[in-house]
Every structure is written in structure tokens, then in C-alpha cells.
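Here's the structure, in C-alpha cells; my notes come after.
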Amino acid sequence: MLKYFCNIILFLLLSFSAFSQTDTTEAPTRPKSVKSNSGQFRIGIDIVKPISAFVSGADPSYELEADYYLGKELYGVAEGGWGSASFDSSYLKYNSSNTFFRLGVNKSMLRRILPGDWDMVFIGARYGIAFIERSAASYTTSDPFWGNTTGIIPAKTFTAHWAELTGGVRVELFKGLFAGWNVRAKFLINKKPFEELPPSYVAGYGRGEKGSVFDFNFYLSYAIRWKKAPEPAVTVSPN
Amino acid sequence: MISRGRILLLWLTCLVVAVSSCDRVGNPCYEPLNVTVLMRTYLPSDTGANGVLYELSKANVIAIDFTDSSVIGYASAKSSAFNLSLSPIADSCRWYIQPDSATTIYDTLTFYYTRQLKFLSNACGYTYHYNLLDVRSTDYNIDSVKITNRDINGKADVEHVKVFL
């Protein structure tokens, strides 16, 4: 946990230190943030989870993201995905799989310099829910005097609820094509069902036996944009 | 306004650091996997019921009730405290206690209990905890036996049984 916390602090320090740097020469007056004249819907996929699962030999998980520009640098976000995990040791063995969904908002902290400027550094919040199936588990206990005992724990379904705080970056590399990362702090809301043999890994959340986790995603996204209808001109009655 | 190139450099750096910090590997097991009954030996005291702690000079303590053998828990031990494990496959088990290995006199302690399968963590797996119902003994060297704590759950240095010699 300390290792994750230190890394999150490092990200924030790097990000904010860069944004706080100013030129030594006299800078021109900053223009006000401009409004976008387009609507945007963006869909993306996390590439970190499948790659890290492939490298570590773990079961893969997949996360997709969609966001929609609500105006005033606010984005409505829906995320979802699926994954599986297996726990295999000499004393405990079981599998699990789950689907998950997250809903929330992102707020861009960057000032928009052009109507077509969609880069963002954002903070956000999410509510997450996962539907989990854990298989029957076989266990073995060992005692130096009495030997080994074995048994089976029945299969179980779980529903996990959690709250998230997130922050990150999205940069438009080419027209419509974005890349960027999220860091997340997740807090499990219903801990009680997870006290007895929790799933080892919950896709979308993290390790099932932890009440809070830190996580990281790297998204490749594509945006669909359309021109908004111009706002009608305001006419003043001569009377 | 910060340049796009610096943003790109920032998040490439963060990517490398972040990927290195995320993993699914769990913590190692730090909890006791086997729980034992802490039995201490006493001499009756003239005042009060607590007794006086009495260290045995050359004690043998042996687990029995195996199908074909017994297992020595303590051999010629100089101690007043003995950790005895309970059988997870039965609701009672017996231990021999020989206060002085130089003599051939020994007593039999029979423990009666209920078993509870307990999940510790994914790293540790399962173990058994017990609730002591009764302890009976023969009376060659043992005067009486008293249960001081019925929950056998691995808590450190909690005395469960007093044996008065």
C-alpha cells in the first residue's frame, strides 16, 4: 500500500510542478478559456491490463471507457469490462470471473485555448459495481502432529460496490485519436461479504481482499465529433 | 501554457513508473497457521486459587490417538509452559504428561472441544480454531485441571489450561 501511495504522490508532484513553471520573460496576458463549438463522444480501451496479464502470466482483464462532453469542461463517463482470476497454491485453489461497470464524471483542469483543443488534465469520481462468481474452492490444512485435512468450500456469487477518485491526462495525438492515463484510488463500500474467501482479483477493482486499492490505466481512444448548432442570436426589441 | 511535448514526456514517465507499481501479487502469510492450547503447570498455593507456577525439570509430553504411533511434543523439557495442538479430525484428543522422565509415572489429559474452520487470508488459507468444552485427567501426578480460556484462536501468550500438580 505504501508503494502505491508513494507512486501516486510522485505522479501528482510531476504533473503539478510542470504546470506551475512559468517563463522568466514577461508573459502576455492569458486569454480566457474559449468554448468548444463541437460535441464529442469518445470511446477507448485500456492497454495496460491485457499487457501486464500477458507478461505476468495471470488471467487477462479488459476495460473499456466511453465519455461524452457535457459542456463547461465536464465529461460524463461510463466504463465497463470483464476479467477472470485463478488462485492456485498447495493449500488453496479456486477460480473467479466477473463483469463490472463504472459511472462518473471527469472535470478538465486545462484551459481550452482553441475551440478544437480537446487535450485535458482531469480529476474525476466514479461509482463502480461488479458481479462476481467464485468457483468452489478446495483447501488443505496441515498440522505437524495430526497431519493434513482437506475440504471443499461451496461456490459463491458476490456483488462489489466501490467509490473511486481518479485523475489523469488525455492528449490528442492525431485527429480524433487520443492517448492518456488514469490513476485511481478505489474504496470498497460493502466489505462484509469479502471477509470469507474473497476472489483473489476483481476486474475493474483490484485485489478482492483489500478494502482500498490504487490502480493505473492507459487508454487509447477515438473521438467522434460533430458541429453544434450555433446559438441563436439575441435580438433586442426596440420597445 | 505548457507545451504538448512536455505533457507527452510527463505521461510517458508516469507510465513507466505506474506500470512498475501495479501488480496482482498478494502479501505473504503473517498469521499463525496452527493454533495450540497453552498449558501451564502449577503447585497449589496456600492462599487463593491461582496457584504457584511450577517449572518441570525433565518433562515428557506426548500426543497419542494416532492410528499407529504417538508423537513426542516435548522430551525432557525444563519448562512450566507447554503448547499442545488439538486434532482437527476429531472432537477430542489425548496427551500424556510425564512430569519427570526419570520416573515411569505419567498422566493422561483428555481434551474435549468443538472445531471451527477459519479463513485467514488468501496468502494463509484455512486453519482450525477450537472452543474447549472440558479437560479431564488421571490423578497420578495431577491434582486438578482448570480451564482459564476456552477460545483457542492463536492469540499469543494467552493461557488456556492450568494443571495443578
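In table form, for the structure just shown:
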{"item": "For residues of A:107-114, the mean tally of beta carbons on other chains within 10 Å", "result": "1"}
{"item": "Cβ crowding within 10 Å averaged over residues, with A:216-228, A:146-158 ranked highest first", "result": "A:216-228, A:146-158"}
{"item": "At R0 = 56 Å, FRET efficiency that the Cβ-Cβ distance of A:Asn148 and A:Ala229 yields, to 0.05", "result": "0.15"}
{"item": "Sites A:Ile43 and B:Cys29, calculated FRET efficiency, Cβ-Cβ separation with R0 51 Å, nearest 0.05", "result": "0.75"}
{"item": "Per-residue average of Cβ from other chains inside 10 Å of B:123-134", "result": "3"}
{"item": "Full-stretch length increase - A:His161, A:Phe174 - with 0.36 nm per residue and alpha-carbon distance subtracted", "result": "1.0 nm"}
{"item": "B:Ser92 versus B:Ile105: modelled label distance in nm, points set 7 Å from Cα along the beta carbon direction", "result": "2.5"}
{"item": "Candidate lysines - alpha carbon under 30 Å from A:Lys107, same-chain residues fewer than 8 apart omitted", "result": "A:Lys3, A:Lys32, A:Lys35, A:Lys49, A:Lys72, A:Lys175, A:Lys186, A:Lys191, A:Lys210, A:Lys227, A:Lys228"}
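Rule-based calculations on the coordinates, nothing more; no lab input. These figures come from a predicted structure and were not determined experimentally. Here the Cβ is made from the backbone with ideal geometry for all residues, glycine too, and neighbour counts use every protein chain on show.
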